[in-house]
1. For the range 231-252, which residues satisfy the criterion of being among the aromatic types (Phe, Trp, Tyr) and either open to solvent by 50 Å² or more (accessible area, probe 1.4 Å) or under 23 Å from Asp303 (Cβ atoms) (or both)?
2. Please go through (1) in a helix (DSSP H, G or I); (2) in contact (Cβ under 8 Å) with a residue 12 or more places away in the chain for His241 and return the number of the only condition it doesn't satisfy.
3. Mind checking whether some residue in the range 53-66 is at pLDDT below 95, open to solvent by less than 50 Å² (accessible area, probe 1.4 Å) and either closer than 13 Å to Cys192 by Cβ or not basic (Lys, Arg) (or both)?
4. Return the residues of the range 159-210 that are among the hydroxyl-bearing types (Ser, Thr, Tyr), open to solvent by less than 20 Å² (accessible area, probe 1.4 Å) and within 16 Å of ligand 1 (Cβ to nearest atom); say none if nothing qualifies.
5. Regarding the range 193-211, can at least one residue be identified that is away from ligand 2 (no atom under 16 Å from the Cβ), in contact (Cβ under 8 Å) with a residue 60 or more places away in the chain and closer than 25 Å to Glu119 by Cα?
6. Taking the range 212-225 only, how many residues are surrounded by fewer than 18 Cβ atoms within 10 Å (Cβ to Cβ) and within 16 Å of ligand 2 (Cβ to nearest atom)?
7. Scan the range 141-179 for residues that are within 16 Å of ligand 2 (Cβ to nearest atom) and hydrophobic (A, V, I, L, M, F, W, C) and jot them down.
8. Go through the range 188-237 residue by residue and tally those that are among the aliphatic types (A, V, I, L, M) and under 19 Å from the mean Cα position of the chain (by Cα).
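The values are calculated or read from the model by the stated rules, or taken from the named source; none is laboratory data. Please read all numbers here as calculations on a predicted model, not as lab measurements. Counting neighbours? That spans all protein chains shown, and the Cβs are built from the backbone with ideal geometry, glycine included. With ligands, DNA and RNA removed, areas are computed over all heavy atoms of the protein, side chains included. Shrake-Rupley method; radii C 1.70, N 1.55, O 1.52, S 1.80 Å.
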Amino acid sequence: MTIAPVQRTASLGSSAWTDARLIMALEEVVETELNRHLKVAKDWMPHEFIPWSQGRDFDGVLGGEAWSVEQSRVTPLGRVSLVVNLLTEDNLPSYHHEIATMFGREGAWGTWVHRWTAEEGRHGIAIRDYLLATRAVDPNELERARMSHMSEGFESDNSHSMLHSVAYVAFQELATRISHRNTGHFAGDPLCDQLLAKIANDENLHMVFYRNLLKAALEIAPDQAMRAIADVVTDFRMPGHGIPGFERAAAQIAIGGVYNLRIHHDDVLQPVLRHLKVMEVGGLGPDGLRAQDELGAFLGGLDAQATKFDERQAALLARRAARKAAQ
Ligand SMILES: [Fe+2]
Ligand SMILES: [Fe+2]
């Protein structure tokens, strides 16, 4: 089995679990979770969700009609958010590289890595087909952004540690689920909503797989798993952070209610942390207890920040509505 080249023992002394030992110890759990996943994950056909009859030739080689914004039936917020979500999905080759290097490509781990990659591949295909067939976004801009984003590659913040990697993907899959689902709600096209709901369902099953793995890790190596969870939660950033213009897009996505601090705290962090009962995990040593305390303090602070964000968002939306009414 291929194992992670870096094995950190951090400051936990000789009793610490190395990545190689953890990968072996969790193989059985991976097999169980993989089998459960394969039972519940229903295959679906991305092409069935695309309104192909709305499509027509573009300008250029085929001499069709150039794209212009009034052709788009999705909302401005939907356009921004769909592009961020698609570019995030597009970087799959880099994500595959990261997890295949970390988890290996053999045994149950390898089967999961390849299956997960195949499922994720469907997401980018389906969203791009939808955007192009319905002329929802500028296809030239989209392609240029894809080239730029993928050319940068993606390097995980957590490639130094297997447990940090598992913790990150558990939260990230749920974040992606919520982001697709809310994008669908705000896109203004029921067909888009339907497609993104389907994709969000896949992301949810991915979250369940990693969350259950993280739960098993908390039992095997509680101190190290708690440290990984605390580090990942306190330093979380979305995988699409390298997208050109990400900051501006993220601000629009936040104000529009697709993904913001409140959603991150309430709909992403809390459900996973509650399921893992992280604040009730007992039997921790000094390192685990310190990480648990850090996590508790951070979550309290984040909730307060999210409340401030809610107030700013409400005030901004009220100003916008008043401006609109005065026009
Ligand atoms: Fe995905
Ligand atoms: Fe996923």
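1. Within the range 231-252, just Phe236 meets the criteria.
2. (2)
3. No.
4. Result: Thr176, Ser179, Thr183, Tyr210.
5. The answer is yes, given that some residue of the range 193-211 is away from ligand 2 (no atom under 16 Å from the Cβ), in contact (Cβ under 8 Å) with a residue 60 or more places away in the chain and closer than 25 Å to Glu119 by Cα.
6. Residues flagged as surrounded by fewer than 18 Cβ atoms within 10 Å (Cβ to Cβ) and within 16 Å of ligand 2 (Cβ to nearest atom) within the range 212-225 amount to 0.
7. Phe154, Val166, Ala167, Val169, Ala170, Phe171, Leu174, Ala175, Ile178
8. 15
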